[in-house]
Structure formats: C-alpha cells, structure tokens
Amino acid sequence: MNKEHGIALVLVLWLVLALAGIASSFIYMIRLEAQAVSNQKLEASALALAEAGVAYAAFLLKNDTTVSDSLDDEWAKPIEQQLGEGTYSVTIVDEERKANINYVSEEMMVRLGIRQDIARELINYRKNNGMLDTLSEIRMISGMDDASYHLIENSLTTWGEISINSADRDVLYSLLVGFEVEANRAAILANEIGEIVDGQPLTSIDNLLEIVGDEIYSRLKPVITTAGGININTAAESLLAAYEINTRSISDNESSQRVFTISSKYFSVTAIGNNKGICKTIHAVLKRSQKSQKDEKWEIENVYWLED
C-alpha cells in the first residue's frame, strides 16, 4: 500500500510540474502577445508622429514669405519637436540645389566627379528608357558602385523642372520618349525645339503648343520651364564650379539665368517619429506652387511618400 501511495505521489508531482510548465508557457505567450500589442501601439504612435513632422514641414513651406530661397530660411534648419509622449525630427532639403539627372549632360556629370563610363551608361539608359522617376533606378546601371551612387545622390536629383532653354536635343528626345512619344517623332520634335531655342530662348512654355500639339504639350507642361531649374542660392559649390559659375548672382548673366533660379518648387522631407525608442520614418517630396492671391500663401502638394 505504501508503494502504491509512493507511485501516486510521484505521478501527482509530475502532473503538478507539467501543469506548472504549461502555465509558465501560457504566461510567457501572454506576455509576448502583450508586448507585441504594446509595440504595435508604439509603432502606430511613432508613425503618427512622423506624419505630424511632414505636416509641420508643409506648414513651414506654405507660410514661407521670402522672395528667394536660401539655406538661412526657417525651413532649412533642423527641427525637433516634443509632441505628447514622443518626439519628431524633420529635415527639409531643397531638391533644386541639385541638377536634374534627366537633363544633365555627360560632360557635366564628369565635371561633378562621376566616372565617365558610368556617365555614358546613364546617358544611354536615359535614351533607351526615357526620364528616370527615382534615383534608385540607376542601381541597375552597369558598373555602378556605392561610391558612385552616393556621389550621384548628393549632386543629382529626379525632382525639379527641366529648363527647355538649356536642355540639349538628346535630353529633349529622352523627355519625349519618357512621355511615350514614338521614337522617330520624338527625334523630329527634339530637333525642331532645339533649332528654335538655338535661335532665341523661349519666353513661355506655351510656345511649344504649336510645335508639339495639344496632347504632347499637356504631358510636358507640368515638368518643363523656360527659366533655370537649379537654385543658385542653395546649390553646392561643387555644382556651381561644374557650371563654371563663380558668383551666386544671376541677374547680369543671361546664360546663368537659363540654368539657375532663386526660388525652388520641390523639397524632400525626412520625418522621424520616436515614441519610447520605437521609430518610424517617412520620406516625402512636397511641391510648392504659386501663392494664393487670397492669403499670399504657397500651395503645397505631396508628390511622393514612402514609409520605413
């Protein structure tokens, strides 16, 4: 009888241990689930903080009262704000401080320090595929390495309007092909536009209407300008040197006026929301257009949005 009691006791002890193990596992799973729920809440909060950062960037750009843009403007300064239990930090970069990769020449790329073989491949890629939508596309270029990519990233952009008066025929051709104009017709139109610009710079993009027709003109209008496409006030010294510009004044230099401007339209925004160490990042590009006659504030449009 004592032996049977001993066996029963052992079985009970094993059962208690098994139940304790099951309970411990259950409690552990509950804690993991609770932690996951908590993290989800923190991630959602961090994303909301990042969104608030983009909204604040839009507010600064909308209410900018300066005639020209420079690195001394309020929007150009690093931003960090407390909001509730978290924070958001914002960096705004004037994309028109760079040259647009969709119209910069091979020679200009080399002047900027880009290897000639890569510059040539970029030109060929542009001819065959039309305009680049994002810089990430150039990762596919033959011979592209990290050093070359970072150099291009710091000096070139896909944002900003293309100056019709400074674009060469190859650029015009690529631009037209990018808007799905048939290759032979694109070549003819690029040559016609180039010959007109060679004789006299266009003063209005509406002059293109009678050359290319309504349909093509409606596609080109949002991305072309007759003025410069690079902001001379915010451009890096290396970019100015590549264009052989030794002054930030363009008022007395007609050729500079065709390449440079003093007011920007495209701004990239990086906003990071942080709540208790959980971070979310939003990369956005905001387009600033003409001021409203009613309140003299800029119109702001979000043209790109990526959440990390």
Exercise. Out of I164, G143, L42, whose Cα points farthest toward the positive end of the dipole of the chain (charges: +1 Lys, Arg; -1 Asp, Glu; placed on Cβ)?
Worked result: L42
For this session: Choose one of N102, I118, T91: the residue whose Cα lies farthest towards the positive end of the charge dipole of the stretch 85-127 (beta-carbon charges +1 Lys, Arg; -1 Asp, Glu; about the Cα centre).
Result: I118
For this session: Just check the stretch 160-214 against the gyration tensor rule for me: Cα atoms, a ≥ b ≥ c as the square roots of the eigenvalues, rounded for a/c under 1.5, and otherwise prolate or oblate depending on whether a/b exceeds b/c.
Result: rounded
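With the cut-off at 1.5 for a/c, could you classify the stretch 117-214 from its C-alpha gyration tensor as rounded, prolate or oblate? If you can, show how the numbers build up before the last one.
Details: a/c = 2.44, a/b = 1.92, b/c = 1.27.
It is prolate, given that a/c is not under 1.5 and a/b is the larger ratio.
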Exercise. Which residue, A50, A76, A236, has the most motion in a Gaussian network model of the chain that connects Cα atoms within less than 10 Å?
Worked result: A236
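Work out how much length A44 to T91 would gain on full extension: take 0.36 nm times their residue separation and subtract the Cα-Cα distance, in nm to one decimal. Intermediate values should be presented prior to the final figure.
Working: separation 47, 0.36 × 47 = 16.92 nm, distance 2.10 nm.
Length difference between fully extended and current span is 14.8 nm.
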For this session: Report, in order of residue number, the helices in the chain meeting two criteria: a C-alpha extent of 27 Å or more along the helix axis, and a mean Kyte-Doolittle hydropathy of at least 0.5; treat each whole DSSP H run as one helix.
Result: 2-62
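Please compare each pair in K98/K276; K127/K221; K41/K98 to a cut-off of 27 Å on the Cα-Cα distance and tell me which ones are over it. Don't jump to the answer; show the numbers that get you there.
On the way: K98/K276 36 Å; K127/K221 20 Å; K41/K98 39 Å.
Violating the 27 Å limit, Cα to Cα: K98/K276; K41/K98.
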For this session: Can you pull the one-decimal nm distance between simple spin-label points at L209 and S263, each 7 Å off the Cα toward Cβ?
Result: 2.2
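Given Cβ point charges of +1 (Lys, Arg) and -1 (Asp, Glu) and nothing else, what value in debye, to the nearest 20, does the dipole of the stretch 65-149 about its Cα centre take? Spell out each step's value before the answer.
On the way: 9 positive and 17 negative charges, 100 e Å.
Computed charge dipole of the stretch 65-149: roughly 480 debye.
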Seminar exercise, completed: Expressed in nanometres to one decimal, the distance between label points 7 Å along Cα→Cβ at E153 and Q200 is 4.6
Exercise. Under a point-charge model restricted to the Cβ atoms of Lys and Arg (+1) and Asp and Glu (-1), what is the dipole moment magnitude of the stretch 125-232 relative to its Cα centre, in debye to the nearest 20?
Worked result: 100
Exercise. Going highest first, how would you order 83-91, 102-110 by mean Cβ packing within 10 Å?
Worked result: 102-110, 83-91
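Placing +1 at every Lys and Arg Cβ and -1 at every Asp and Glu Cβ, with all other atoms neutral, what dipole size does the chain have around its Cα centre, in debye to the nearest 20? Spell out each step's value before the answer.
Values: 27 positive and 45 negative charges, 230 e Å.
Roughly 1100 debye, rounded to the nearest 20.
Quote the relative contact order of the chain in percent (integer), defining contacts as alpha-carbon pairs under 8 Å separated by 6+ residues.
Numbers: 474 pairs, mean separation 79.3, N = 308.
Reported relative contact order: 26 percent.
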Problem set entry | Centre separation in Å (Cα based) which lies between the stretch 94-156 and the stretch 215-251 | 16
For this session: Treating cross-link reach as a plain straight distance, find the aspartates and glutamates whose alpha-carbon is under 17 Å from the alpha-carbon of K77, omitting any fewer than eight places away in the same chain.
Result: D64, D69, D94, E95, E96
For this session: Rank by packing, highest mean first: peptides 216-224, 174-182, with packing defined as the count of other Cβ atoms within 10 Å averaged across residues.
Result: 174-182, 216-224
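FYI, it's all coordinate maths here, none of it is from the lab. Since the model is a prediction, treat every value here as computed from it, not as a measurement. Because the Cβ atoms are built from the backbone with ideal geometry, glycine has one as well, and the counts that use them run over all protein chains shown.
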